[in-house]
Amino acid sequence: MVMDKLGSSLRDTLKKIARANRIDEKTISEVVKDIQRALLSADVNVKLVMQLSNRIKERASKEELTGRLGPREHIINIVYQELVAILGRPANVPLKGQTILMVGLQGSGKTTTSVKLARFFQKKGLKSAVVCADTYRPGAYDQLLQLCDKIGVAFYGEKDNSDAVEITRRGIVDMKRHDVIVVDTAGRHALESDLIREMELINEIAKAEQRLLVLDAAIGQQASEQAKAFNEAVGITGVVITKLDGTAKGGGALSAVADVGTSIAFIGTGETIDDLEKFEPDRFISRLLGMGDLKSLVEMMEEEPPIQEEDVEAMLKGKFTLKDMYKQMEAINKMGPIQKVMQMLPLGSFGVDLPDGALQSTKDTLTRFKYIMDSMTDEEMEDPHIIRSSRIRRISRGAGVPTEGVRELLKYHKLMQRAMKGVRNQKEMQKFLRKQGLK
Ligand code: GDP
Ligand code: MG
C-alpha cells in the first residue's frame with residue numbers, strides 16, 4: 001500500500017464523515033482540520049495544505065447538493081476531487097522512441113528506475129537501452145550491467161572512463177538503433193555545483209525529450225529546493241517518486257512537484273524491476289483512501305436505481321429474509337458485472353466486510369437459487385433458520401439439485417445477513433446502499 005500512514009488518517013476522516021449525524025459547518029471544519037493534520041504530518045507543505053483546505057471549505061459551503069448524492073457523499077466526493085486536483089495532471093511520457101535523462105540525488109532510485117523504465121517500454125514492444133553515465137559511484141557500471149542483462153535490455157558503459165559527458169555522447173550514438181535510450185546519471189549526497197554543471201553538459205549532449213527527476217518518497221521539505229535546482233539545470237519534464245511502497249510519508253516529494261509546477265510521470269512501488277506504475281492521480285487517491293473507484297461510483301449513483309425505494313425500506317427494517325436476499329441479488333444483477341459494482345463500493349473503508357461469496361453471484365447462481373427457493377414454503381422463506389437436514393433433503397428433491405446446493409444457498413444467506421447487520425449498524429451505509437438500490 002502506498003503512503004500507509006497518510007492513507008489511514010485520511011480514511012479515518014472519511015469514516016468520520018460517513019458516521020456523522022449531520023453535516024454542518026462544525027463537522028466540515030473538523031474534517032478540514034483532520035485533513036490538514038494528516039497532510040502536514042505526511043510532510044505536505046503548508047501552502048498546499050492551506051490551498052486544499054480552503055477549496056474544500058469553499059465548495060462544501062457553496063455547492064448545492066445535486067443528483068443522488070446525500071450530504072455525506074457530497075463531502076466525501078469533494079475531498080476526493082480536491083486531493084486529486086492537488087496532484088495535477090500526470091506528466092505525459094508517450095509510448096514512442098525517445099531519449100530519457102534521469103536526474104536526482106544519490107540513493108533516490110535513479111539506476112533502479114532507469115532499468116524499470118527500459119523494461120516498461122520493452123514490454124510495450126519498444127527496443128530499449130540504458131547508458132551508464134554515472135562515473136562517481138563505484139560499482140555503478142556493474143550494477144547497471146547486471147540489471148540490464150537480467151531483462152535483456154541493451155547496455156552501454158565505459159568502465160574505466162571518468163568522463164560522464166563523453167560516455168553519454170558515445171552511448172547515444174552507439175545505441176541509436178534502439179527506440180528508447182535511458183541515460184542514468186550520478187548524484188551525490190547533496191546538491192553540489194559541479195554535479196549540476198555535469199548535468200547541464202550531459203543534457204546538452206543527450207538532447208533528451210524527457211528529463212525525469214527521481215525523488216525518494218522519504219524526502220522531506222527539502223525536496224522543493226532540490227527540485228528547483230535540477231529544474232533550472234535541465235528543465236524537468238516530469239518526476240518519478242520512488243519507494244512509495246515503504247513507510248515513507250511522501251508529502252515532501254508531492255509538494256515539490258507542485259512547487260516546481262511539474263508533474264508526476266511514474267511511481268516506484270517496490271524493489272523489483274516490474275514495480276513501476278504510470279502515475280494516475282484518480283487511481284492514486286482512490287487507493288490512498290481505500291475507496292475503489294469512487295468516481296464511477298458517484299457517476300452510477302446519479303443513474304436510476306434498479307429497485308424501488310419501498311422495497312429497500314422494507315428490507316432495511318425487516319430481518320433480511322430469503323425473499324429479501326433474492327430481490328437484492330436480482331437488483332445487483334441488473335446493475336451489470338457484479339465484481340465491478342462491488343469493487344466500486346467503498347465498503348472496506350467503512351469497516352464493512354462483504355463475504356467473498358457475494359462477489360460470485362452470477363446469473364447462474366441466481367437462477368439456481370430461484371429453483372431452490374421455489375421449492376420452499378413461505379414459512380421457510382421468511383425464516384430460513386428452521387431449515388434443517390430433513391427440510392434440506394425435501395427441498396433438494398423438489399428443486400432437482402443436490403443437498404449441497406441448498407446448503408450453499410443457506411450459507412450465502414447467512415453471510416449476507418451478517419454483512420447486512422454490519423451495514424445496518426452504520427446509518428451512513430444504509431443510505432449509501434439505498435441510493436444505489438443495492439439494499
Ligand atoms: P541511485 O543512487 O539514485 O541510482 O539509486 P538506486 O537505483 O541505486 O537505488 C537505491 C536503493 O533504493 C536501492 O536499494 C533500490 O533497490 C532502492 N529502490 C529504488 N526504487 C525503489 C522503490 O520503488 N521501492 C523500494 N522499496 N526500493 C527502491
Ligand atoms: Mg545509481
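The values are calculated or read from the model by the stated rules, or taken from the named source; none is laboratory data. The structure presented is a predicted model; accordingly, all values stated were derived computationally and were not measured. Here Cβ is always computed from backbone atoms with ideal geometry, including for glycine, and neighbour counts include all displayed protein chains. For accessibility, only protein heavy atoms count, side chains too; no ligands or nucleic acids. Shrake-Rupley method; radii C 1.70, N 1.55, O 1.52, S 1.80 Å.
Scanning the range 106-128 for residues that are small (G, A, S), in a loop (DSSP other than H, G, I, E, B) and within 14 Å of ligand 2 (Cβ to nearest atom), which turns out farthest from the chain's Cα centre (by Cα)? Looking at the filtered set, the residue picked out is G107. Only one of the listed residues (Q226, Q210) is closer than 20 Å to P90 by Cβ and either touching a strand residue (DSSP E or B) at 6+ places or on another chain (Cβ under 7 Å) or assigned by TED's automatic domain parsing to the domain that holds K110 (or both). That residue is Q210.
A quick yes/no check of all residues on (1) touching a strand residue (DSSP E or B) at 6+ places or on another chain (Cβ under 8 Å); (2) aliphatic (A, V, I, L, M):
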residue: S128; (1), (2): yes, no
residue: C132; (1), (2): yes, no
residue: D142; (1), (2): no, no
residue: L145; (1), (2): yes, yes
residue: A154; (1), (2): yes, yes
residue: S162; (1), (2): no, no
residue: I172; (1), (2): yes, yes
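None of V93, V79 is away from ligand 1 (no atom under 16 Å from the Cβ), in contact (Cβ under 8 Å) with a residue 60 or more places away in the chain and out of contact with any strand residue (DSSP E or B) (no Cβ under 9 Å at 6 or more places or on another chain) except V79.
Quick check on V239: is it away from ligand 2 (no atom under 16 Å from the Cβ), more than 19 Å from A133 (Cβ to Cβ), aliphatic (A, V, I, L, M) and open to solvent by 10 Å² or more (accessible area, probe 1.4 Å)? Here the answer is no, as V239 does not meet what is asked.
Total residues in the range 131-150 satisfying the condition of being away from ligand 2 (no atom under 11 Å from the Cβ), surrounded by 16 or more Cβ atoms within 10 Å (Cβ to Cβ) and either part of a helix (DSSP H, G or I) or within 31 Å of the chain's Cα centre (by Cα) (or both): the figure is 2. The residue list E198, E158 contains one member that is free of Cβ contacts under 8 Å to residues at least 40 places away in the same chain, touching a helix residue (DSSP H, G or I) at 6+ places or on another chain (Cβ under 9 Å) and either surrounded by fewer than 15 Cβ atoms within 10 Å (Cβ to Cβ) or part of a loop (DSSP other than H, G, I, E, B) (or both), which is E158.
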